[in-house]
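What follows draws every value from the coordinates through simple rules; no lab data is involved. Since this is a predicted model, take the numbers as computed values, not measurements. Cβ coordinates were reconstructed from backbone atoms using ideal geometry, including for glycine residues, and neighbour counts include every protein chain displayed.
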Amino acid sequence: MNKNKGFISILLGIVMVLITVGTGFYVANKSMNVGETINPLPVRNFLGLTDSPNSYTGQALKVVRVNAGETALEFATGGGGGGGDALTTDPLSQFASTTSAQLAGVISDETGTGKLVFAVSPVIETPTITTSLTFDYTTVSTIAIINGTNQLISADTTTYPSLTELAYLKGATSAIQTQLNARVLDTGDTITGTYNLTGQLNVDNLRLDGNTLSSTDTNGDINLTPNGTGMVVVPVGTTSIPGIAFSGDLDTGISKSSTANTGLLMAGGGDRFSWNTTSFGGTSSNSAMLLRGLGSDSTPSIYNLSDANTGVVLAGSDVLGLTTAGTRALTINASQQISIPKGITPRVVTTTDDSTSVIDATITDVYELTAVANNTTFSFTGTPVDGQKVIVRYKDAGVTKTLTWTGFTAIGITLPTSTTVSKWGYVGAIYNSGAATWHAIATGTEA
């Protein structure tokens, strides 16, 4: 035991204590007895330690850390080993790689102003946007909608309304339908579909009120003008209900007959006149009469629109006239006497030569051969009337020719049997329906 105490005393006697004072060193030697307390030597400067840097020069704003070997202290730039302060010149890049989740874990104000946003499709809860948002995938002047995948997109204007269309609803203060019902159409508006309107519809000077179309102008006309080959089409109507009727007299007007291409004039619920492609006249014994005022030769009572001075003249009581070119051509009086101021122009049928001369009594008043070159036989055809007169005149071509008269019966005369060279000859005949023959009553030859 004494031996050990002596050994310890020897060790303690040679202990050198390094005391840092400024840049100097003090060594104290002290012999110690066994059991004596050793008080720590006072450290007066960090640089005086054996395991720490020995100078501050060039170490401004650095931190003290344990070195990599864990054997001493050293100065280091902040964050170099994963720790340190984020300074102006050394930002967060000095720290180790940090995930968004890790960063969010140390942030205490995740909601409200200054919210951090990480990567694509972030979840942002209840943000408050004070001015506006700008999107680079939307279309100008369209409305934004949430699509089927909860994305905010521009609404397709082929399906959804545009901003211009929505502007029509500006100022709506009640139900949209109520606003639309009360809205006045603007110039150029187009109405499609079916709309029920009540009251009057006024378009310029035209008014539609119920089933009545009228003009609001004094003595105003209403013109129905189809476009191109279009037509104004009205109902067919019946004999009692005309397709076109008159106010206050609905059974008088115009209808279409069940017969094709035939129209009817109605009065008192009955058809009075009809017309088709070839005629115009009454439809029955109860048909109305065509009335027309008295006319004159220059303005006939009945005339063609394209020839106003030719037609039928109602010249006076029981007097009927015909006028042409403004001049009376025929008059029939109350005694059925006919007056023809300029006479009747005979119907003359003429030819040069015909050996079988057939006279058509229906169209002939005078039959003429101008150069008989063959023996000739005269006969009749057609439908003559009793008392009808026919004159036959003839002249040969310079050589006498024989003549035969079939259907003629001589009365008080002898019918000629040949021509007289280069002379005109005549035979006059009257038809006798009782005898069914033409009575030849006169004959003559040029002197």
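Quick rundown of the values:
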{"item": "Computed FRET value (nearest 0.05) for Thr238 with Ser298, which takes r as the C-beta separation and R₀ as 45 Å", "result": "0.55"}
{"item": "Contour minus Cα-Cα distance for Ile391 and Thr443 (0.36 nm per residue)", "result": "17.8 nm"}
{"item": "Cα-centred dipole magnitude for the stretch 344-423, charges only on beta-carbon of K, R (+1) and D, E (-1), debye, nearest 20", "result": "220 debye"}
{"item": "Virtual spin-label span in nm between Val106 and Asp318, 7 Å along Cα→Cβ", "result": "13.8 nm"}
{"item": "Protection-proxy order for peptides 421-428, 440-447, each taking the mean of Cβ atoms within 10 Å per residue, highest first", "result": "421-428, 440-447"}
{"item": "Cβ-placed point charges (K, R +1; D, E -1), dipole of the stretch 195-280 about Cα centre in debye, nearest 20", "result": "280 debye"}
{"item": "Rounded if a/c under 1.5, otherwise prolate or oblate - the stretch 296-344, Cα gyration tensor axes", "result": "oblate"}
